[in-house]
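I have placed the structure first, in the form of structure tokens, so that the comments after it can refer back to it.
Each reported figure results from applying straightforward, stated rules to the coordinates on display, with no laboratory input. Just so you know, these numbers come straight off a predicted model, no measurement behind them. Please note: Cβ atoms are built from the backbone with ideal geometry, for glycine as well, and neighbour counts cover all protein chains shown.
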Amino acid sequence: MKKKVEIDWKNLGFDYMKTDQRYLSYWKSGNWDKGVLTEDNVLHLGEASPCLHYGQQCFEGLKAYRTKNGDIQLFRVNQNAKRLQDSCRRLLMPEIPEETFIKACSDVVKANEAYLPPYGTGGSLYIRPMVIGVGNSIAVKPASEFLFTVFCMPVGAYFKGGMTPVNFMISAYDRAACYGTGQQKVGGNYAASLIAHKIAVKKGFADCIYLDPTTHTKIEEVGAANFFGITKNNHFVTPKSSSILPSITKYSLLYLAENVLGLKTSEKDVYIDELDEFSEAGACGTAAVITPIGGIEYKNKLHVFFSETEVGPITTKLYDTLTAIQLGDIEGPEGWITKL
Ligand SMILES: Cc1ncc(COP(=O)(O)O)c(C=O)c1O
């Protein structure tokens, strides 16, 4: 008989929950071992592990969805596999082969199927893979051993009552340097962003927007999400920069904007003093898919896009199309969906 867990699906947030099994694999002497599923959710690390001192670690975030007919599917898992490989290369860590990554994610989801929110609740199973440098070595150099682990937890719909616009402020801090690790999903970028987020929330904003670290004139990231704007003549525009994380959601929206909505699209510089060209704007990422941007505060003035309370028509169409693909209500482009 299939296991059942008592979870209030409709009121799930984004909080850690211990599920039954997680994947664990060790790298030593040049090879990843076979990997196992384990019930133990505590990692046993040497106290001089480089991940703890020098931030030699990277991670990913993706979701599994339950479809209307009860199937389970992953969204663009191969893209997360590739991005983790890129992060590993940047921090001199051994890469996880794409097939290993996909199998580890799939096995963890299947082993914790009871925690996958039912179709219609707005919830999903969030999957968190990570690679960390372990083994005791106190010098600043790459670790001698590594650990790849994947765990998952049920998460709720980001917007309980439907998409709602929120306001952001421009941060005086940078999250990443020009040729630093902004393009990779590494913990140090997030540690650097905590203070900026705290200040924004204290001032009553949902989060902050980071400008480019060199000139502080161009939009980079919206908290832990990418930015997109819809111009007054219906172009989908998103920033191009060496210090932003290539969002899988953003590239999916860009594809849909071009191929389903028939919009022109471009990746280019988005100057903070040229926001007038946009009639709609949003933040995009795995967590919320799209967070509509009501307004952005810059130099003590709030620039409002579509509305502070309503969501624009193109943002709505993009959101509806992408979430329908993720939930299996409509077919996605080839290769986007992996059925388990
Ligand atoms: C800094 C940052 N930018 C953008 C994103 C959005 O990326 P994705 O769409 O792949 O979730 C995330 C979330 O993963 C992020 O942490």
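Taking the alpha-carbon centroid of each part, what is the distance from the stretch 258-304 to the stretch 127-154 in angstrom?
A separation of 35 Å, based on Cα centres.
So who's got an amide H within less than 5 Å of the one on ALA281, skipping anything under 5 residues away but keeping other chains? H placed 1.01 Å off N, in plane.
ILE230, ILE293, PHE306
Assuming R0 = 25 Å, what is the FRET efficiency of LYS141 and TYR190, from their Cβ-Cβ distance, to the nearest 0.05?
Efficiency, from the Cβ-Cβ distance: 0.60.
Using Cα atoms only, what is the angle between the long axis of helix 98-111 and the major principal axis of the chain, expressed in degrees (0 to 90) to the nearest 10?
So the inclination is approximately 80 degrees.
For LYS198, what is the net charge nearby, where nearby means another residue's Cβ is under 14 Å from its Cβ and Lys, Arg count +1, Asp, Glu -1?
That works out to +2.
Could you work out how far helix 248-259 tilts from the main Cα principal axis of the chain, as a 0 to 90 degree angle to the nearest 10?
Taking Cα atoms only, the helix is inclined about 50 degrees.
Expressed as an acute angle from 0 to 90° and rounded to the nearest 10, what is the orientation of the C-alpha long axis of helix 77-90 relative to the principal long axis of the chain?
80
Determine the calculated [θ] at 222 nm for the chain from helices alone, applying -39500 (n - 2.57) to every DSSP H run no shorter than 4 residues and normalising by the residue count; nearest 500 deg cm²/dmol.
The helix-only estimate for the chain comes to -7000 deg cm²/dmol at 222 nm.
Once the other residues with Cβ under 13 Å from the Cβ of VAL289 are scored (Lys, Arg +1; Asp, Glu -1), what is the net sum?
Here the charged neighbours net out to +3.
Run the dipole for the chain about the Cα centre, Lys and Arg Cβ at +1, Asp and Glu Cβ at -1, nothing else charged, and hand back the magnitude in debye, nearest 20.
420
Arrange the peptides 323-330, 24-31 so that the one whose residues have, on average, the most other Cβ atoms within 10 Å appears first.
My ranking of the peptides, most packed first, is 323-330, 24-31.
Just want the ordering: LYS141, LYS317, from fewest to most Cβ atoms lying within 10 Å of their own Cβ.
Ranked by crowding around the Cβ, least crowded first: LYS141, LYS317.
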